[in-house]
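Below: one structure, written as structure tokens.
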């Protein structure tokens, strides 16, 4: 009996020892796995250093301050432009419809994108979670696409107005204008949906660049290249082609007008209504002469009135053409400013992928944000009637609003350009 008890005791001890040994091995294995995982995470984090270490605090403070100022200016300027174009019929035309759409897109950029980026600069990193990072990036790329497509539509409008006026009234009807604007919005945001769903790249936080952007998906696909070609490069090419054609048409018209003026000067002026040297008959023919003189005087008065009306009509046409040319130049300035604002960030991401020069990226971001507030400044500088519309809205001049209403749309769709050379006098 004692032997049996001893054997059982020995067996129990062996089982306990084996159990404790297995637990110990498992604990060691678990500890090793946790340590390895933490080491792996540390190694991964070392590849993407903290944003605060990459961007200095003074640089981030400068970026945050600039972003806040741009946001306030952009919201105020774009809202003022929308109200002015809606309230003042004198500046309300086909181009204004696309400009309103452009202002709405820029205003959305200032409201839904810039506040989060300002806080990102203040805190040194993104702290709003993955969902907001995705939505903010979606809004950013979508509003930028709408802006460029609206600029493209305005450029095409200017081209058809100047080069193909006979087709202008057929193309730019209210229904077609609304459809064009809808296409700008649907295409810009619809193009982002595959990326939003994660089937063609994905929106997320790029630790290396320190911003929310488009990242490769699980299969390494990204929509950035296609987006650059379709949503940026092709519209820019269309705009350049349209403006090349516009300046060519204006140049040919100017040349034609100069040749016409030379031919008019070469026509001899030997035809007179009344010859001052011709003798007047007397006697029985005096009544007939009086009637002839009276008829000549009245016909001369009619000719003078006709010439005066023609001069006034030419002046009105020339003024309308100058206004059209101002809008055309203004849209060109908007396009050039758009390209200049987007070039720095594009160049910095290509040249400095590892963010070895943080200042270059901060300047690129600020220039990118500046594109959302610079357009109203261009309107004020380059167009007198836009300035008047802004003053009317700011100072609440009801009488001026009525004056705009009765005056009609002198900036709008003008008659067929008969004197295109006159538009270069502005």
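The values are calculated or read from the model by the stated rules, or taken from the named source; none is laboratory data. Computed from a predicted model, the values in this text were never measured in an experiment. Note that we place each Cβ from the backbone using ideal geometry, even for glycine, and neighbour counts take in every protein chain shown.
Table: residues versus (1) out of contact with any strand residue (DSSP E or B) (no Cβ under 9 Å at 6 or more places or on another chain); (2) surrounded by 19 or more Cβ atoms within 10 Å (Cβ to Cβ).
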residue: 87; (1), (2): yes, no
residue: 94; (1), (2): yes, yes
residue: 131; (1), (2): yes, no
residue: 136; (1), (2): no, yes
residue: 156; (1), (2): yes, no
Single residue of 76, 66 found to be assigned to a helix (DSSP H, G or I), touching a helix residue (DSSP H, G or I) at 6+ places or on another chain (Cβ under 6 Å) and at pLDDT 95 or above: 66
Inter-residue pairs, beta-carbon under 7 Å, first touching a residue at least 40 places away in the same chain (Cβ under 8 Å) and in the range 164-188, second assigned to a helix (DSSP H, G or I) and exposed (fewer than 11 other Cβ atoms within 10 Å of the Cβ), 6+ apart: none
So residue 143, is it surrounded by 17 or more Cβ atoms within 10 Å (Cβ to Cβ), at negative phi and assigned to a helix (DSSP H, G or I): yes
Boolean, residue 229 is surrounded by fewer than 16 Cβ atoms within 10 Å (Cβ to Cβ) and either part of a helix (DSSP H, G or I) or modelled with pLDDT of 95 or more (or both): yes
